1. Anything in region 276-287 that is at pLDDT below 90, more than 12 Å from Ile254 (Cβ to Cβ) and either in contact with a Gly (Cβ under 8 Å, 6 or more places away or on another chain) or more than 11 Å from the ligand (Cβ to nearest atom) (or both)? List them, or say none.
2. Being surrounded by 13 or more Cβ atoms within 10 Å (Cβ to Cβ) and in contact with a His (Cβ under 8 Å, 6 or more places away or on another chain) is the filter here; which residues of region 129-143 pass it?
3. Identify all residues within region 124-138 that are of a type in the set (A, V, I, L, M) and closer than 16 Å to Trp150 by Cβ; write none if there are none.
4. Filter region 111-128 down to residues that are buried (at least 19 other Cβ atoms within 10 Å of the Cβ), closer than 22 Å to Asp231 by Cα and not aliphatic (A, V, I, L, M), then give me how many there are.
5. Yes or no: region 167-184 includes at least one residue that is modelled with pLDDT under 95, among the polar types (S, T, N, Q) and within 16 Å of the ligand (Cβ to nearest atom).
6. Could you check how many residues of region 250-275 are more than 13 Å from the ligand (Cβ to nearest atom) and exposed (fewer than 15 other Cβ atoms within 10 Å of the Cβ)?
7. Might you check whether a residue that is at pLDDT 95 or above and among the charged types (D, E, K, R) occurs anywhere in region 192-202?
8. Which pairs have Cβ atoms under 6 Å, sit 6 or more apart or on different chains, and link a residue in region 292-306 that is closer than 13 Å to Asn236 by Cα to one that is of a type in the set (Ser, Thr, Tyr)?
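The values are calculated or read from the model by the stated rules, or taken from the named source; none is laboratory data. Since this is a predicted model, take the numbers as computed values, not measurements. Please note: Cβ atoms are built from the backbone with ideal geometry, for glycine as well, and neighbour counts cover all protein chains shown.
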Amino acid sequence: MHVLITGGAGFIGSNLVTYHLEKGDKVHVVDNLSTGRIENIAPYMEHPDFIFDEADILVWNELEKAVNWADRIYHMAAVVGVFRVLKEPISVLATNIAGCERILRALHTSHWNTKLIIASSSEVYGNRSEDELLSEDMELLISPGHNSRWNYSISKLADEAFALSYARQYNMDVTVIRFFNVIGPNQTGKYGMVVPRFVRQAVREEPITVFGDGTQKRSFLDVRDAVIYLDMLANNPQSRAEVINVGTRREISIEQLANIIKNESNSASSIEYISYDDAYGKDFDEIFHRKPNLEKLIKFTHYLPQWSLEKSIIDLIQRQHAKKEY
Ligand code: UDP
């Protein structure tokens with residue numbers, strides 16, 4: 001199979017590269033290396049089934065050719081990470097929306113009925129109460145526009161609307177994935193992302209920076225399970241023109257997460273509580289709960305994750321120890 005991955009040098013994208021090369025597929029990555037990193041795909045540069053183009057999907061002139069070549073496309077290229085989203089509010093909207101539409105347009109004019117997987121986000125659910133299970137068909141919440149955090153969910157919602165409209169109007173095979181917090185190898189803490197930040201801080205015996213009081217909760221899915229879910233969804237004809245949550249059930253507070261990482265790494269790090277104002281600047285809207293309804297995912301895949309949170313954390317601690325940057 002020929003697989004095109006936009007944003008393939010990024011976190012989820014590079015794990016898709018590993019997965020598909022191991023399966024014997026041919027993989028073409030396009031990435032402008034803005035958040036993606038060359039180290040993530042460096043092991044494959046000489047691989048006979050791997051092609052890399054450093055380019056921005058907004059202007060890449062090989063896009064139509066690459067789309068025609070592909071049997072499957074994963075559109076993962078986007079401006080991501082809370083820090084980056086707050087710092088680059090215009091580029092979040094402009095890049096994420098225009099990039100997605102360009103892929104859809106290219107696919108519409110191509111000759112094949114290629115499967116397209118589009119990355120959306122659980123951010124589109126907005127801030128919810130503790131007992132709410134987030135289901136794909138529920139009403140979505142966008143908070144008033146003073147905070148740039150919501151630009152990200154607005155961009156992803158626009159992507160979803162584009163994807164479903166192309167799917168309906170041109171009968172295209174598109175599936176939208178709402179990722180809940182995904183963790184694993186190749187994720188950087190540079191733009192937010194709590195797990196790589198805590199792991200790095202714990203291994204370096206620096207203070208572990210919990211934002212707010214640490215009672216906010218998330219559920220974390222290992223990327224090595226996430227890529228299996230994506231492949232299974234792509235192979236299932238029922239996923240056509242559907243929006244599907246990809247995540248895991250177990251919710252944990254950020255304070256508990258800090259303690260697990262500290263304990264598993266035998267770290268002497270202190271836990272430091274930092275106000276949201278100091279962490280993100282004034283008027284930041286935190287999301288306090290985010291628990292996915294996974295009925296649709298399970299119905300379409302029948303797969304249960306193989307990586308517990310502890311197993312992922314132990315693996316990430318070992319990888320952090322193996323890095324040379326001290
Ligand atoms: N967080 C934290 N310390 C950090 C980075 C993040 O306490 O150094 C918190 C953040 O405020 C949020 C949670 O961890 O409550 C998850 O943050 P992340 O940016 O990973 O994902 P998102 O907020 O998009 O779910």
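1. Answer for region 276-287, where residues must be at pLDDT below 90, more than 12 Å from Ile254 (Cβ to Cβ) and either in contact with a Gly (Cβ under 8 Å, 6 or more places away or on another chain) or more than 11 Å from the ligand (Cβ to nearest atom) (or both): Gly281, Lys282, Asp283.
2. Residue satisfying the conditions is Glu132 alone.
3. Val124
4. To start, the set of residues in region 111-128 that are buried (at least 19 other Cβ atoms within 10 Å of the Cβ) comprises 114-125.
Checking which are closer than 22 Å to Asp231 by Cα leaves us with 114-122.
With the extra rule that they be not aliphatic (A, V, I, L, M), the set shrinks to 114-115, 120-122.
Qualifying residue count for the region: 5.
5. No, because not a single residue in region 167-184 is modelled with pLDDT under 95, among the polar types (S, T, N, Q) and within 16 Å of the ligand (Cβ to nearest atom).
6. Of the residues in region 250-275, 5 are more than 13 Å from the ligand (Cβ to nearest atom) and exposed (fewer than 15 other Cβ atoms within 10 Å of the Cβ).
7. Yes, the conditions are met somewhere in region 192-202.
8. The qualifying pairs are Phe300/Ser239; Thr301/Tyr229.
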